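K.L.:
Please see the structure below; I have some questions.
The values are calculated or read from the model by the stated rules, or taken from the named source; none is laboratory data. Note that this is a predicted model, so its numbers are computed, not measured. Positions of Cβ are generated from backbone atoms using ideal geometry, with glycine treated the same way; all protein chains shown enter the neighbour counts. Accessible surface is based on the protein model in full, side chains and every heavy atom, while ligands, DNA and RNA are left aside. Shrake-Rupley method; radii C 1.70, N 1.55, O 1.52, S 1.80 Å.
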Amino acid sequence: MTRKELERIFYLKRELRMWERRYNELIADMSQDSVTADGMPYSQTNKITRPTESKAIQIADHAELIRGKAAEIRVAIREVEAFIVGIEDPFVRQIVELRCIELKSWAEVAAQVSKNATEENVRQIYHRFLKDSGL
């Protein structure tokens, strides 16, 4: 496992949130469109689609993309968890788990692992572990 792979979940989750925001914007935009029924038939071979159809296709595409990203995140989490299980020191294991899987801030990590730990302590332990592990 490389450092980049270990910290990849953060960026994958951020990307997922970006696509979810875009998906929600498309849903909101579609619901704001007024549908007019002009009674005119639309040809199946017509190259110009109705705006609602186009947006529905975009929404479906984004939903599929979101499902794919969520699956990618689950795979990445399993890989990182397999690595974390192999860390001998339970204190370091907790720090890596909280930072890389749960995406906690250094302050949150410090608060969860020990009453006496500081942000700087846990950050140094984490980076020292990565350096010593060759990551």
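K.L.:
Provide the solvent-accessible area of Phe91, counting protein heavy atoms only and rolling a 1.4 Å probe, rounded to the nearest 10 Å².
P.N.:
It works out to around 70 Å².
K.L.:
Hey, what number do you get for the chain at 222 nm if only DSSP H runs of n ≥ 4 count, each worth -39500 (n - 2.57), divided across all residues, to the nearest 500?
P.N.:
Using -39500 (n - 2.57) per qualifying helix, the result is -22500 deg cm²/dmol.
K.L.:
Apply the a/c threshold of 1.5 to the C-alpha gyration tensor of the range 62-123 and tell me whether it is rounded, prolate or oblate.
P.N.:
oblate
K.L.:
With springs only between Cα atoms under 10 Å apart, run a GNM on the chain and tell me which of Ile84, Ile73, Ile57 wobbles the most.
P.N.:
Ile57
K.L.:
Quick one: how many lysine pairs in the chain have C-alpha atoms under 19 angstrom apart, if they're 8 or more apart or on different chains?
P.N.:
Qualifying lysine pairs in the chain: 8.
K.L.:
So what is the relative contact order of the range 65-135, in percent, for Cα pairs below 8 Å that sit 6 or more residues apart?
P.N.:
22
K.L.:
Here is a further query. As I understand it, the dipole of the range 54-135 uses +1 on the Cβ of Lys and Arg and -1 on the Cβ of Asp and Glu, about the Cα centre. Which of Gly68, Asn121, Trp106 lies farthest toward its positive end?
P.N.:
Value: Gly68.
K.L.:
To continue, here is another question. At a 1.4 Å probe radius, carbon and sulfur cover how many percent of the accessible area of the chain?
P.N.:
Heavy-atom surface of the chain belonging to carbon and sulfur, 1.4 Å probe: 52 percent.
K.L.:
With every protein chain present, what is the per residue accessible area of the chain (1.4 Å probe, Å²)?
P.N.:
70
K.L.:
Related question: In nanometres, what is the gap between the two model label sites at Met18 and Glu81, each 7 Å from Cα along Cα-to-Cβ?
P.N.:
Here the answer is 2.6 nm between the modelled labels.
K.L.:
Nearest 20 debye, what's the magnitude of the dipole of the range 47-135 about its Cα centre given +1 on Lys and Arg Cβ and -1 on Asp and Glu Cβ?
P.N.:
So the dipole magnitude of the range 47-135 works out to roughly 380 debye.
K.L.:
Work out how much length Lys4 to Glu72 would gain on full extension: take 0.36 nm times their residue separation and subtract the Cα-Cα distance, in nm to one decimal.
P.N.:
23.0 nm
K.L.:
Okay, next question. In bins 5 Å wide, starting from 0, what share of all Cα pairs of the chain does each bin hold, as a percent?
P.N.:
2, 9, 15, 14, 12, 9, 8, 7, 6, 5, 5, 4, 3, 2, 0
K.L.:
Also, I was wondering about something else. So, in nm, how far is label Gln32 from label Ser105 when the simple model puts each one 7 Å beyond its Cα toward the Cβ?
P.N.:
Distance between label points: 3.2 nm.
K.L.:
If you count only protein heavy atoms and use a 1.4 Å probe, how large is the accessible surface of Arg74, to the nearest 10 Å²?
P.N.:
Counting only protein heavy atoms, the figure is 130 Å².
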